[in-house]
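First the structure, in the form of structure tokens, and then the observations on it.
The values are calculated or read from the model by the stated rules, or taken from the named source; none is laboratory data. Values in this document were obtained by computation on a predicted structure and should not be read as measured data. A quick note on method: Cβ atoms are made from the backbone with ideal geometry, for glycine too, and the neighbour counts reach across all protein chains shown.
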Amino acid sequence: MLLTNSHDGRIAIDMRLTTVRVVCQNTQALAMRKDRSSRVFKRAHSISPEKLLADAKEFYRICTAAANGIENEFRVMHAREFTQDQFEQLVSRLLPLPAPPASAASRATRRQYETRLDRIRETRRSLLGVFANGINNGFSVPPAERTIWGALNSVTAFVDHQQKIERRPVRSYSVRQRRLS
């Protein structure tokens, strides 16, 4: 559950049930998107404290019920077997190989395509390695349990701890100032 509030009363009290772990302003913005929150409680500071408390208690009751439902879904995921072959199929669907360029494509386009294929294949291998062997690069993530829950956690561990992200330089734009005459 995420609670946001301003100290001066200019912004409404906002509580929401979200699966996004908020650690910075970017993840807060993500969690507060309408499509990321299943339940939202938003009230202006101008309502009576008694009404606010009653509404908040009801919202908390609804969220607790929803969290219990999610917990049950996670338990089902933890109980359901998921093999290495099934994980390979999942990875193939998560990271599909692109269609080759048209035969008339330039040499540069074909090279770009091959580079993209190589990256996808390497990412697939790394992801499969996390499921099979875990991660050991300064900290330890054990191999996944052979369950749907283990598969989900393998993908999460890969994204959080092993995925290589290409950092592109930020373009700087110069702003021309006009002189006022």
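Evaluate the following for SER48: is it hydroxyl-bearing (Ser, Thr, Tyr), assigned by TED's automatic domain parsing to the domain that holds PHE158 and over 30 Å from LEU127 (Cβ atoms)? So SER48 does not fit the description; no.
Here's a check for you: in segment 114-143, which residue that is free of Cβ contacts under 8 Å to residues at least 24 places away in the same chain and outside any helix (DSSP H, G or I) is farthest from GLN84 (Cα to Cα)? Among those that are free of Cβ contacts under 8 Å to residues at least 24 places away in the same chain and outside any helix (DSSP H, G or I), it is GLY138.
From the list LYS57, LYS42, the lone residue that is in a strand (DSSP E or B) and either surrounded by fewer than 14 Cβ atoms within 10 Å (Cβ to Cβ) or among the β-branched types (Val, Ile, Thr) (or both) is LYS42. Filtering segment 1-13 to residues that are part of a strand (DSSP E or B) and surrounded by 15 or more Cβ atoms within 10 Å (Cβ to Cβ) leaves LEU2, THR4, ILE13.
Restricted to segment 138-149, and to residues that are within 28 Å of VAL23 (Cα to Cα) and either touching a helix residue (DSSP H, G or I) at 6+ places or on another chain (Cβ under 7 Å) or at pLDDT 95 or above (or both), which residue is surrounded by the most Cβ atoms within 10 Å (Cβ to Cβ)? Among those residues, the one meeting the criterion is ALA144.
Every residue, every condition in (1) surrounded by 10 or more Cβ atoms within 10 Å (Cβ to Cβ); (2) over 30 Å from THR147 (Cα atoms), yes or no:
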position: MET15; (1), (2): yes, yes
position: VAL20; (1), (2): yes, no
position: GLN28; (1), (2): yes, yes
position: LEU52; (1), (2): yes, yes
position: GLN84; (1), (2): yes, no
position: SER103; (1), (2): no, yes
position: ARG116; (1), (2): yes, yes
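A Cβ distance below 7 Å, combined with a sequence gap of six or more or placement on separate chains, defines the contacts here; from segment 98-113, residues that are assigned by TED's automatic domain parsing to the domain that holds ARG124 and over 20 Å from ARG124 (Cα atoms) reach residues that are assigned to a helix (DSSP H, G or I) and among the β-branched types (Val, Ile, Thr) in the pairs PRO101/THR109. Taken over segment 58-82, residues that are modelled with pLDDT under 90 and either among the small types (Gly, Ala, Ser) or farther than 30 Å from ILE148 by Cβ (or both) amount to 6.
If you go through segment 94-132 and keep only what is within 18 Å of ASN153 (Cβ to Cβ) and out of contact with any helix residue (DSSP H, G or I) (no Cβ under 7 Å at 6 or more places or on another chain), you end up with LEU94, THR123, GLY129.
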